[in-house]
Amino acid sequence: MNDSWQKQLAAGEVVLLDGGMGTELQLRGVPMDKVAWSGAAVLSHPHVVREIHEDYIRAGAQVIITNTFGSTRQMLEPAGYGDQVAAVHQDAVRLAQEARDNVGRPDIAIAGSISTEPPAFDRTAFLEPDAELAAYREAAGLLADAGVDLIALEMIVEATHARRAVLAAKETGLPVWLGIGCRKREDGEIVSFDQSDLAFSAILDELLPESPDVVNIMHSEIDAIPEAIEQLRARWDGPVGVYPESGYFTKPHWQFVDVISPEDLAAEAEHWLAAGVGLLGGCCGTGPQHISALNKIIKKR
């Protein structure tokens, strides 16, 4: 297991993550599935997935995240890929490893992404609890067996489904990142990214007792992040990461509207670093140029 990122954090260094994968695939012409989004892209466009990983590494990323956000059985089976769940996870890890080798950076860590999102992002379409837990266990086990260095739980927006994913991830024995999405409501309250009646603080209070290794504020609106960091820091003394989104989603495509510039993202990130954030990157809407801009401010430090 590559624990380079843990050593960096322990030494007080900032760890640079990659940027969006699904949205970058879309930008490069890969069709987005209506049910599984970018989940099967490793089967249809493996060379593009590999190239994106390579571009992020060249931009300075020290951790790259597998293209498995939409790849649990919960997502893939309704999309018609139920017999290829294992192949998707194995290929996703292999492509990340090949990208690392192609760039000559064996020190790059690979995070295996798992999302609790249901098919077509339809929150009425979750599997039954036992089947859902089994889907997360399957994904986590496949990622671990294929050689990832950690499990990154992404786009967590509530606790019920997240607990099942945390349990599955922890059973691998690998470090677990908890990635929570938030936004700022019109009244100024920081809430779940897609559940406006659920406070971000309530999600933290429910899930921090699960003892993740890192808590990331990810796929979150940029203007919500400063207060989200404050709320997290008031409850958590472990490592904190930030990788925000920019633009908006109209199923199944990302809309690259008013996407923050790389320079402006770097300027915002200076404040996050000053608040104690130890991991930086980007999510949907961000690309290699954003990671390059973040790399420059990290090097200056």
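The values are calculated or read from the model by the stated rules, or taken from the named source; none is laboratory data. None of the values given here were measured: they were computed from a predicted structure. Ideal geometry is used to build each Cβ from the backbone, glycine not excepted, and the neighbour counts take in all protein chains shown. With ligands, DNA and RNA removed, areas are computed over all heavy atoms of the protein, side chains included. Shrake-Rupley method; radii C 1.70, N 1.55, O 1.52, S 1.80 Å.
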Revision key, fill the gap. For the E263, D237 Cβ pair and Förster radius 41 Å, calculated FRET efficiency rounded to 0.05 is 0.80
Revision key, fill the gap. The stretch 98-120 and the stretch 146-200 have their Cα centres apart by a whole-number Å value of 18
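For the stretch 112-270, what number results from the quotient of the Cα radius of gyration and 2.2 N^0.38 Å? Could the numbers behind the result be given before it?
Numbers: Rg = 15.6 Å, N = 159, 2.2 N^0.38 = 15.1 Å.
That works out to 1.04 for the stretch 112-270.
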**Study point:** Protection-proxy order for peptides 205-214, 147-156, 287-296, each taking the mean of Cβ atoms within 10 Å per residue, highest first
**Key:** 147-156, 287-296, 205-214
Check your understanding: Counting Lys and Arg as +1 and Asp and Glu as -1, each charge on the Cβ, what is the dipole of the chain about the Cα centre in debye, to the nearest 20?
Key -> 660
Revision key, fill the gap. The simple spin-label model distance between D107 and R28, using points 7 Å out along Cα→Cβ, in nm, is 2.5
Point to revise | From phi via Karplus (6.51, -1.76, 1.60), per-residue ³J(HN,Hα) for the stretch 143-155 in Hz, x at Gly/Pro | key: 5, 5, 5, 7, x, 5, 9, 6, 10, 10, 7, 10, 6
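Give me Rg over Rh for the chain, both radii from the alpha carbons and Rh done the Kirkwood way, two decimal places. Don't skip to the end; give the middle numbers.
Values: Rg = 17.3 Å, Rh = 18.7 Å.
Radius of gyration over Kirkwood radius for the chain works out to 0.92.
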Check your understanding: For the pair K7 and T124, how long in nm is the line joining their label points, each one 7 Å along Cα→Cβ?
Key -> 5.2
Practice item. Go ahead and collect, in residue order, the members of the stretch 39-78 whose backbone nitrogen is under 12 Å from a label point 7 Å along the Cα-Cβ direction of A131. Key: 73-75, 77-78
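Considering only Cα-Cα distances, which of the following residue pairs are longer than 23 Å: K7/K296; K7/K300; K170/K251; K184/K251?
On the way: K7/K296 21 Å; K7/K300 20 Å; K170/K251 31 Å; K184/K251 21 Å.
In this structure, K170/K251 lie more than 23 Å apart at Cα.
Helix-only estimate, please: 222 nm mean residue ellipticity of the chain, summing -39500 (n - 2.57) across DSSP H runs of length 4 or more and dividing by its residues, to the nearest 500.
On the way: 12 runs with 125 residues, N = 301.
-12500 deg cm²/dmol, from helical runs alone.
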Review point. Using a 1.4 Å probe, what is the accessible area per residue for the chain, in Å²?
Key: 38
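If you count, for each residue, the other Cβ atoms within 10 Å and average over each peptide, how do 106-114, 261-269 line up from highest to lowest? Display every interim value, and only then the final one.
Numbers: 106-114: 22.4, 261-269: 17.4.
Peptide ranking by packing, descending: 106-114, 261-269.
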Point to revise | Distant-in-sequence amide H partners of T286 (H built 1.01 Å from N, under 5 Å) | key: G20, S246
Review point. Mind listing the phi-derived Karplus ³J(HN,Hα) values for the stretch 209-226, rounded to whole Hz, using 6.51, -1.76 and 1.60 with θ = phi - 60°, and x for any glycine or proline?
Key: x, 6, 6, x, 7, 9, 10, 10, 8, 10, 6, 10, 5, 4, 6, 8, 5, x
